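Structure first, commentary second.
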């Protein structure tokens, strides 16, 4: 019985942890590098050309993180227009694919064994497209 107050205190401290991160979504707060890959066109043989852009500017990284709203999107299998790979130093956190076409605007990724798909606003789709230039 003399340890009961100590056990209650410990259980309160454990239960009062930070709940700002959703276990269904990756924690992107420490991202310091993003590799963006996007389709440009087809070559003469009909193969898709893919360009890559590495982003290390923390302001741009924050802007890209803000495009991820976690608003649900009914995912239907479709072609992506690009991908975003989020890194903390050299460790990959998650790769997300996105589509900026008007009828298919979304971001999708696999996390903890589940497919997560969320809508992409027109404004955020334009932002991702503008990054390519």
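The values are calculated or read from the model by the stated rules, or taken from the named source; none is laboratory data. No experiment lies behind these values; they were computed from the predicted model shown. Virtual Cβ from ideal backbone geometry, glycine too; neighbours counted across all protein chains shown.
Residue 26 fulfils the conditions (1) surrounded by 12 or more Cβ atoms within 10 Å (Cβ to Cβ); (2) over 12 Å from the mean Cα position of the chain (by Cα); (3) under 14 Å from residue 109 (Cβ atoms) except for a single criterion, (2). The set of residues in the stretch 54-83 that are surrounded by 15 or more Cβ atoms within 10 Å (Cβ to Cβ) and in contact with a strand residue (DSSP E or B) (Cβ under 7 Å, 6 or more places away or on another chain) comprises 55, 61, 64, 68, 73, 80, 81, 82, 83. Assess whether residue 87 counts as being under 21 Å from residue 63 (Cα atoms) and in contact with a helix residue (DSSP H, G or I) (Cβ under 7 Å, 6 or more places away or on another chain). For residue 87, the condition - under 21 Å from residue 63 (Cα atoms) and in contact with a helix residue (DSSP H, G or I) (Cβ under 7 Å, 6 or more places away or on another chain) - is not met. One residue stands out among those in the stretch 89-99 that are in contact with a strand residue (DSSP E or B) (Cβ under 8 Å, 6 or more places away or on another chain) and part of a strand (DSSP E or B): the one that is surrounded by the fewest Cβ atoms within 10 Å (Cβ to Cβ), which is 92.
Quick check on residue 72: is it under 16 Å from the mean Cα position of the chain (by Cα) and modelled with pLDDT of 90 or more? No.
The combined condition, being under 26 Å from residue 131 (Cα atoms), touching a helix residue (DSSP H, G or I) at 6+ places or on another chain (Cβ under 6 Å) and either modelled with pLDDT of 95 or more or part of a strand (DSSP E or B) (or both), is fulfilled by residue 31. Among the residues of the stretch 100-113, those that are surrounded by fewer than 20 Cβ atoms within 10 Å (Cβ to Cβ) and in a strand (DSSP E or B) comprise 108, 110, 111.
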